[in-house]
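For reference, the structure is listed below as structure tokens.
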Amino acid sequence: MHKLFLVLLLATITAAAQDATPPQLVHFDAKMVDTSVDPCTDFHQYVCGKYLAANPIPSDEVAWGVGSQLNLWNESVLHGTLDQLAAKKSDRTPNEQKVGDYYSACMNESAADAAGVKPIQPLFDRINAMKSTAELAEVLALLSTSFPAAWEGSDNQTNVAFLGFGPAPDYNDARQVIAAFDQAGLGLPGRDFYLKDDDKSKSIRTAYVAHVAKLLTLAGEPEAEAQKDATSVLALETEMAKLQMDNVARRDPKNLNNRFTLAEVKALTPSFHFDAYLKAIDAPPSSVYLVSTPAFFKGLEPLIRQQPLSSWQAYLRWWTLAKSARYLSSPFVNEDFQFIKTLYGVPELLPRWRRCVSYTDRDLGEALGQSYVNRAFSPEAKARAAQLAKDIEAALDSEISSNDWMQPATKQAAHLKLAAVLNKIGYPDHWRDYSALTITSNSLVENVEHATAFESRRQMEKIGKPLDRTEWTMTPPTVNAYEDPQTNTINFPAGILQPPFFDPAKPDSVNYGSEGGVMGHETIHGFDDQGRKFDLNGNLHDWWTAADTKAYDQRGDCIANEYTQDVPEAGVKQNGRLTQGEDTADNGGIHLALMALEQDLARQNQTLETKGDDGLTNEQRFFIAYGDSWCEQIRPEAMRTIILTNPHSMPKYRVNNVVSNMPEFAKAFSCKSGKPMVHTTQCRVW
Ligand SMILES: [Zn+2]
């Protein structure tokens with residue numbers, strides 16, 4: 001259950017540029033503010049208006065902003081390394097051979113085109129040879145060790161066929177890793193996409209059926225049969241959607257901590273052969289099995305019994321394609337992209353090199369990431385970022401001491417939890433060992449299958465062992481960050497410790513506003529409405545008195561209500577209960593960053609009011625730098641999809657709602673009460 005910082009880093013659909021000019025890193029520039037806009041009326045427009053007008057979304061991008069520009073820069077750094085290692089055929093280290101050959105196989109489009117559907121034919125043959133639904137377990141195990149990622153839950157479900165399975169820290173004793181089953185099975189982004197009845201939802205479902213049918217046809221099914229199969233896929237997935245827990249309930253860890261013996265798991269879905277599944281994926285026995293959604297697994301039972309074998313075979317053929325089409329020949333890649341276009345509104349596919357960089361990063365991230373760190377993240381930068389994280393934590397420590405709504409004993413527990421947080425900066429202390437993984441320059445699909453089997457085995461081996469707090473779930477070049485309440489860690493990859501987020505050449509007011517805001521955000525996650533339910537050891541354990549909880553919830557309700565709002569551009573309403581944790585982290589995070597800046601300036605005999613050569617006070621520059629980090633525009637189709645499935649608010653609200661809750665902002669820009677950026681009720685948790 002990780003808390004991600006940025007909205008839009010979906011692996012296959014991120015940023016791109018059409019031309020061959022090497023991308024530039026964006027640096028803070030106070031002159032970028034739009035002085036024709038009143039900062040007290042629309043601060044996001046004041047800070048970002050000029051940037052957004054000058055930086056329209058490129059045709060192969062879902063969204064475009066300062067984060068996507070940095071992402072493109074990072075990818076270009078990796079691209080240089082990959083081109084070099086792919087061309088070099090000797091004198092490579094074992095990791096260099098893997099990284100170079102993976103990339104080279106991926107870039108070989110003509111080989112993929114010549115192979116057509118062949119690389120996945122063995123999977124199709126296995127599905128078509130099924131004699132009964134009793135074989136469902138074995139076939140699913142085969143799929144989940146061929147393409148990622150059955151072990152990786154997300155906000156709505158695990159994005160694979162039927163069920164997710166993998167290691168998870170025990171909610172009751174986070175030192176131990178146990179086994180966990182998760183709801184899965186939906187090819188659309190979330191259950192609402194199946195169950196909502198508005199015209200837009202209906203048209204997306206129509207497009208989905210056409211897309212499934214088209215892929216099945218490309219794989220060799222006669223058109224009429226493919227059409228019938230696609231209709232039955234939608235019907236089956238709709239039944240699964242009805243069984244799924246919604247994404248708001250899913251935010252509460254108490255709802256997910258359902259503990260079973262294996263015999264009890266089997267009793268939920270007797271017709272599914274769990275033993276065969278666990279044996280085929282090589283999962284060791286677990287003392288406890290978590291089942292995120294028991295109702296989902298109970299509901300699978302009648303589905304298995306009632307649906308004919310042919311429906312399940314169609315479903316499995318579809319999921320084989322859903323997971324592999326992007327690695328196959330051009331017709332498959334293009335049809336796979338057609339549905340991304342429907343969901344995210346992006347007109348063009350990313351260039352092949354960018355897709356290949358992203359697959360290499362996913363499958364060999366800690367081998368490829370070493371060169372990125374050498375190139376782009378110095379020990380000095382790491383030391384400064386580590387100090388910034390410490391300053392932010394000191395601010396939260398003082399905020400806990402001084403607030404007027406927590407009981408002394410609860411404050412003590414909060415101090416201890418904060419002191420126990422492990423800060424991870426840049427990259428892992430120990431790099432992952434890929435020696436058991438075979439990669440060749442022959443075939444992308446084969447490499448993905450090998451890498452998935454390797455990673456699946458690595459994941460399964462964690463079950464029954466102590467939790468490793470030092471492991472990273474993001475690769476070094478990632479432009480993102482996360483907090484993990486169960487390891488009690490905050491994690492900042494080197495990829496986000498770059499301009500404009502982190503820029504050693506710029507004043508501290510800039511760095512505390514941008515990267516400080518990011519670090520404050522992740523630090524607060526450990527104390528947001530879900531994070532606060534975990535203790536210093538990462539256990540799901542209530543350390544708050546009833547009075548504290550009541551006071552906390554009142555503050556949290558203010559945030560949740562404030563962010564429950566129509567988003568006209570997207571044609572949907574944002575649910576403040578879905579985004580409450582992220583919004584709490586945004587609001588509290590920037591407070592911490594400002595407190596930390598004040599301390600930092602005091603060490604340099606400056607104050608927040610000290611003016612610089614640019615005519616701005618430190619405090620004004622801090623807020624502008626914070627707003628700058630959210631200069632980003634998103635296609636309306638993508639906004640709709642994100643608002644329905646993702647717990648982050650849209651960039652505009654991540655700036656305007658946050659500053660509107662801050663008297664410090666109103667003071668810095670002399671905003672009078674009654675102005676849009678001065679909320680009458682100012683929400684505040686931290
Ligand atoms: Zn977050």
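Restricting attention to the range 477-522, the residues being assigned to a loop (DSSP other than H, G, I, E, B) and more than 15 Å from the chain's Cα centre (by Cα) number 16. In the range 260-281, the residue that is farthest from GLU461 (Cα to Cα) out of those that are part of a loop (DSSP other than H, G, I, E, B) and open to solvent by 60 Å² or more (accessible area, probe 1.4 Å) is PRO270.
Would you check which residues across the range 523-533 are farther than 17 Å from LEU597 by Cα, within 11 Å of the ligand (Cβ to nearest atom) and in a helix (DSSP H, G or I) and list them? Matches in the range 523-533: HIS525, GLY531.
Any idea which residue in the range 564-584 is farthest from SER649 (Cα to Cα), counting only those that are touching a residue at least 60 places away in the same chain (Cβ under 8 Å) and assigned to a loop (DSSP other than H, G, I, E, B)? Per the criteria, the residue is GLY571. Among the conditions (1) open to solvent by less than 10 Å² (accessible area, probe 1.4 Å); (2) more than 16 Å from GLY627 (Cα to Cα); (3) in a helix (DSSP H, G or I), ALA593 misses just one, which is (2).
Residues being part of a helix (DSSP H, G or I), touching a residue at least 12 places away in the same chain (Cβ under 8 Å) and either under 25 Å from SER330 (Cβ atoms) or not hydrophobic (A, V, I, L, M, F, W, C) (or both) are entirely absent from the range 145-165. Being in a helix (DSSP H, G or I) and either buried (at least 18 other Cβ atoms within 10 Å of the Cβ) or among the hydroxyl-bearing types (Ser, Thr, Tyr) (or both) is a condition met by at least one residue of the range 436-445. Given the criteria of a type in the set (Lys, Arg) and either closer than 30 Å to VAL510 by Cα or buried (at least 18 other Cβ atoms within 10 Å of the Cβ) (or both), does LYS98 qualify? Yes.
The single residue among ASN537, ASN561 that is in a loop (DSSP other than H, G, I, E, B), surrounded by fewer than 18 Cβ atoms within 10 Å (Cβ to Cβ) and among the polar types (S, T, N, Q) turns out to be ASN537.
Can you tell me how many residues in the range 644-671 are more than 16 Å from the ligand (Cβ to nearest atom) and among the aliphatic types (A, V, I, L, M)? Qualifying residue count, the range 644-671: 5. Criterion applied to GLU632, GLU582, GLU598 was being within 16 Å of the ligand (Cβ to nearest atom), open to solvent by 20 Å² or more (accessible area, probe 1.4 Å), on the phi < 0 side of the Ramachandran plot and at pLDDT 95 or above, and the one residue passing it is GLU632.
Out of GLY517, GLY495, GLY513, one residue alone is within 12 Å of the ligand (Cβ to nearest atom) and small (Gly, Ala, Ser). It is GLY517.
The values are calculated or read from the model by the stated rules, or taken from the named source; none is laboratory data. These figures come from a predicted structure and were not determined experimentally. Ideal geometry is used to build each Cβ from the backbone, glycine not excepted, and the neighbour counts take in all protein chains shown. The area values use the complete protein model at the heavy-atom level, side chains included, leaving out ligands, DNA and RNA. Shrake-Rupley method; radii C 1.70, N 1.55, O 1.52, S 1.80 Å.
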